[in-house]
Amino acid sequence: MKNVLLNIRKGILTVAMMATVIGYASERTSIIKDAKRTSITLSNVKKGNLLSIKDVNGVVLYNETIEQTGIYTKGFDLTALPNGEYSFELDKDVEIRTIPFSVIDKKVVFNKEDETVYNKPVAVLKEGLVYVTKLAPKGEPLKISFYSVEASSAEELLYTETIEGTQAIERAFKLEAGNYKIVFNSDNKDFTKFINN
C-alpha cells in the first residue's frame, strides 16, 4: 500500500512538473487592470528584448530593454494617456509582437483578437554566403536591397529583389569581399543589416 501511495505521489508530481514546463513553453500575455494601473506579464522574454509603447502613428512614448530572461511583469498607468489608439510592442530576436489597446475617457481597453506577431527577416553570413530567411504566414512580400558601403564613396545599390507568394522565404547570396548594407522591407517595416565580408 505504501508503494502504491508513493507511486501515485510521484505520478502527480511528474504531471505537475510537465504542466509547468509546457506552460512556460507557450507564449502567454496576461493583462490585469485595476482603477489606475495596468499590469502586463509577458512570458518567454530574453535579456535584451525591447518593450515599447507606441501611438497610432508609431511614435515611441516609452521603451525599456528587458533586463532578465524569463517572465516580465510591470505595472503602467495608461489612464494618463490622451484618448486614442496605442500598442505595446515586444521586439524579440526574430519577431515583433504587437498588443494593441485604446484609451477612452481614462478607460483602457485591450483587444486580444487584434494582437499580431510579425516575423523579422534574418540574415546570416557563412563562408562568403549570406543566407536570408523569413517566415511569411500570409505570403506577404519581402523586398531585399543590397548596397555596397565603402568609406570613400556613397552607398551604391547593387541588387534588389521582391519575393512574394511563399510562406517560407529562403535565399542565399554570394558576396565578394567588402562591406555591405542589406535593407529589408515587409509590411511597411524596414530592417537593416550590415555585413563585413
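The values are calculated or read from the model by the stated rules, or taken from the named source; none is laboratory data. Keep in mind that this is a model prediction, so the values were computed, not measured. Glycine also receives a Cβ, built like all others from the backbone with ideal geometry; neighbour counts cover every protein chain displayed.
Which ones in region 93-110 are part of a strand (DSSP E or B) and either surrounded by 14 or more Cβ atoms within 10 Å (Cβ to Cβ) or of a type outside the set (Val, Ile, Thr) (or both)? Break it down into steps so the answer makes sense when it comes.
Step one: of region 93-110, the residues part of a strand (DSSP E or B) are 95-104, 107-110.
Result: 95, 96, 97, 98, 99, 100, 101, 102, 103, 107, 108, 110.
Starting from residues that are touching a strand residue (DSSP E or B) at 6+ places or on another chain (Cβ under 6 Å), loosely packed, with under 12 Cβ neighbours inside 10 Å and in contact (Cβ under 8 Å) with a residue 24 or more places away in the chain, keep the ones in region 129-172 and report whichever is farthest from residue 94 (Cα to Cα).
Among them, the one singled out is 172.
Out of the residues in region 173-196 meeting the condition of being loosely packed, with under 13 Cβ neighbours inside 10 Å and touching a strand residue (DSSP E or B) at 6+ places or on another chain (Cβ under 8 Å), tell me which one is nearest to residue 97 (Cα to Cα).
The first filter runs over region 173-196 and keeps only residues loosely packed, with under 13 Cβ neighbours inside 10 Å, leaving 174, 176-178, 188-190, 192, 194, 196.
Filter once more, keeping what is touching a strand residue (DSSP E or B) at 6+ places or on another chain (Cβ under 8 Å): 174, 178, 189-190, 192, 194, 196.
Numbers: 174: 32, 178: 34, 189: 13, 190: 16, 192: 19, 194: 24, 196: 30 Å.
Restricting to residues being loosely packed, with under 13 Cβ neighbours inside 10 Å and touching a strand residue (DSSP E or B) at 6+ places or on another chain (Cβ under 8 Å), the top hit is 189.
Kindly list the number of the only condition in (1) under 20 Å from residue 58 (Cβ atoms); (2) modelled with pLDDT of 95 or more; (3) outside the structural domain of residue 43 (by TED's automatic domain parsing); (4) not hydrophobic (A, V, I, L, M, F, W, C) that fails for residue 145.
(1)
Within region 119-128, how many residues turn out to be in a strand (DSSP E or B) and buried (at least 17 other Cβ atoms within 10 Å of the Cβ)?
2
Can you confirm whether residue 115 is within 30 Å of residue 76 (Cβ to Cβ), of a type in the set (Asp, Glu) and either surrounded by 11 or more Cβ atoms within 10 Å (Cβ to Cβ) or in the same structural domain as residue 80 (by TED's automatic domain parsing) (or both)?
When the stated conditions are applied, residue 115 passes them.
Here are the criteria: (1) in the same structural domain as residue 167 (by TED's automatic domain parsing); (2) assigned to a strand (DSSP E or B). Tell me which single one residue 139 does not satisfy.
(2)
Could you list, in sequence order, all residues of region 173-197 that are under 20 Å from residue 94 (Cβ atoms) and of a type in the set (Phe, Trp, Tyr)?
Of everything in region 173-197, those that are under 20 Å from residue 94 (Cβ atoms) and of a type in the set (Phe, Trp, Tyr) turn out to be 173, 184, 191, 194.
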